[in-house]
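Working notes for the structure below.
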Amino acid sequence: MVSPPPRRSKEFQPLDAEQSRKLLHIARGHPQEALFVLVLATGMRRGELPGLKRQDIDFGKKVLYVRRALTRLPTKLAREKGVLYVEADLKTKSSKRSIALAGFAIEALKQHRTRQEEMKHQAGKLWQDHNYVFCKPDGSHLNPGYDVLVQLKRLLKKASLPDVRFHDLRHSVATFLLSISVHPKIVQDILGHAKINMTLDTYSHVSPTMQREAMEKLDELFEEWNKEK
């Protein structure tokens with residue numbers, strides 16, 4: 001009988017293109033360099049990246065398949081099982097998606113694969129063959145907290161960039177794509193949003209720029225007619 005309070009969206013602070021390039025420059029040589037390249041090329045979630053396996057990447061087609069994520073167990077259950085993170089199915093149908101990869105992401109993944117083979121050779125019998133794209137020196141999965149989030153914070157500080165959340169990198173990708181006039185439906189598919197309204201509402205701040213670019217293109221279409229007046 002009572003009207004619910006308005007839903008408040010979380011504020012986010014996406015990096016711009018220059019800041020993103022600076023982050024990747026500082027990340028060069030980092031064990032998870034390719035992970036940070038990939039998040040800025042795909043907008044994948046923090047749990048999805050450590051759950052990525054080799055069979056999920058088709059280098060020939062230049063496509064990546066998001067099929068699972070690493071999720072943190074409740075404290076009591078984690079103690080019982082002796083593990084903190086486990087592989088889990090993605091929550092929604094839209095989260096299971098394919099993402100076409102940009103050339104710079106493909107190149108970063110290929111270089112990472114070569115380094116990983118060297119790491120596997122060094123580990124020898126200690127290597128755990130789980131096929132994770134991003135893993136620890138023994139082949140086991142990364143910790144989405146320390147190995148991903150904490151490393152991002154360190155890189156941001158080293159690069160003198162704003163102390164953004166990992167999720168803000170995802171927002172950065174969406175903002176990039178929309179600002180270069182990529183159709184919102186495509187952005188929705190890449191991010192794995194369940195509904196396009198979520199994409200449009202979340203990134204409504206990009207709309208004025210898109211409108212201006214649209215009007216400039218419309219101007220071009222009618223340029224010859226306007227000259228005849």
Residues located in the range 15-59, provided they are assigned to a loop (DSSP other than H, G, I, E, B) and more than 18 Å from G192 (Cα to Cα)
L15, D16, A27, R28, G29, H30, P31, Q32, F59
Can you tell me which residue within the range 47-87, out of those that are among the small types (G, A, S) and open to solvent by 30 Å² or more (accessible area, probe 1.4 Å), is nearest to E33 (Cα to Cα)?
G60
Every residue in the range 124-144 that is without any contact (Cβ under 8 Å) to a residue 40 or more places away in the chain and loosely packed, with under 15 Cβ neighbours inside 10 Å, please.
G124, K125, L126, Q128, D129, P137, D138, S140
Selection from the range 184-199 of residues surrounded by fewer than 21 Cβ atoms within 10 Å (Cβ to Cβ) and either out of contact with any helix residue (DSSP H, G or I) (no Cβ under 9 Å at 6 or more places or on another chain) or among the polar types (S, T, N, Q) (or both) yields Q188, N197
Looking at H121 and the list (1) more than 25 Å from L90 (Cα to Cα); (2) open to solvent by less than 20 Å² (accessible area, probe 1.4 Å), which single condition is not satisfied?
(2)
Answer yes or no as to whether V150 is exposed (fewer than 15 other Cβ atoms within 10 Å of the Cβ), modelled with pLDDT of 95 or more, hydrophobic (A, V, I, L, M, F, W, C) and within 25 Å of D16 (Cβ to Cβ).
yes
Report every pair of residues separated by at least 6 positions or lying on different chains whose Cβ atoms are under 8 Å apart, first residue within the range 45-59 and of a type in the set (D, E), second part of a loop (DSSP other than H, G, I, E, B).
E48/L90; D56/R67; D56/V133
With the requirement that a residue be in contact with a helix residue (DSSP H, G or I) (Cβ under 7 Å, 6 or more places away or on another chain) and of a type in the set (S, T, N, Q), what does the range 121-136 give you?
N131
For the range 72-191, give me every one of the helices (runs of 4 or more DSSP H) that falls completely inside it and has 1 or more residues that are closer than 16 Å to H30 by Cβ.
103-123, 151-158, 167-179
For the range 158-165, indicate whether the set of residues that are surrounded by fewer than 19 Cβ atoms within 10 Å (Cβ to Cβ) and under 13 Å from the mean Cα position of the chain (by Cα) is non-empty.
yes
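The values are calculated or read from the model by the stated rules, or taken from the named source; none is laboratory data. The shown structure was predicted, so the numbers you read here are calculated from the model rather than taken from an experiment. For neighbour counting, all protein chains shown are included, and Cβ atoms are generated from backbone atoms with ideal geometry for every residue, glycine included. We work out accessible area using only protein heavy atoms, side chains counted, and drop any ligands, DNA or RNA first. Shrake-Rupley method; radii C 1.70, N 1.55, O 1.52, S 1.80 Å.
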